[in-house]
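What follows is a set of notes on a single structure, which appears directly below.
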Amino acid sequence: MAVREEIRLAGGDWSAARAESHVTRSAVTAPLLRVRLVLPELDGAAQHAVQAAYAMRAADDPAELQEARERALRAVEDLVVAAGAALGA
């Protein structure tokens, strides 16, 4: 998503990156559903991580994109920590 948005913000042809991001988005759907069903206590963290990644699409400039990317990375780290806690319990 970040690469796609970097190309878009630079005014480049981002159609290939957009298509690739759709493939990636589809690949996230099944694991997200699995996490939500098997470990419902991770539902909020998992959905937050996915939405944080999608939020990169709203960036209006490279600085906003970088901030959104950092938020997405933190959300993923939060999910990993929450998963570790849930599985360790």
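Please treat every number below as a calculation from the coordinates, not as lab data. Predicted model, so just to flag it, every value in this text is computed and none were measured. Positions of Cβ are generated from backbone atoms using ideal geometry, with glycine treated the same way; all protein chains shown enter the neighbour counts.
Summary of computed values
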read-out	value
Entirely in the stretch 1-74, the helices (runs of 4 or more DSSP H) that have 1 or more residues that are surrounded by fewer than 11 Cβ atoms within 10 Å (Cβ to Cβ)	15-38
Close pairs from the stretch 9-21: first in contact (Cβ under 8 Å) with a residue 40 or more places away in the chain, partner surrounded by 11 or more Cβ atoms within 10 Å (Cβ to Cβ), Cβ under 8 Å, at least 6 apart	L9/A59; L9/P62; L9/L65
Candidates A68, A45, A59, A75 - the one that is over 13 Å from the mean Cα position of the chain (by Cα) and not basic (K, R)	A59
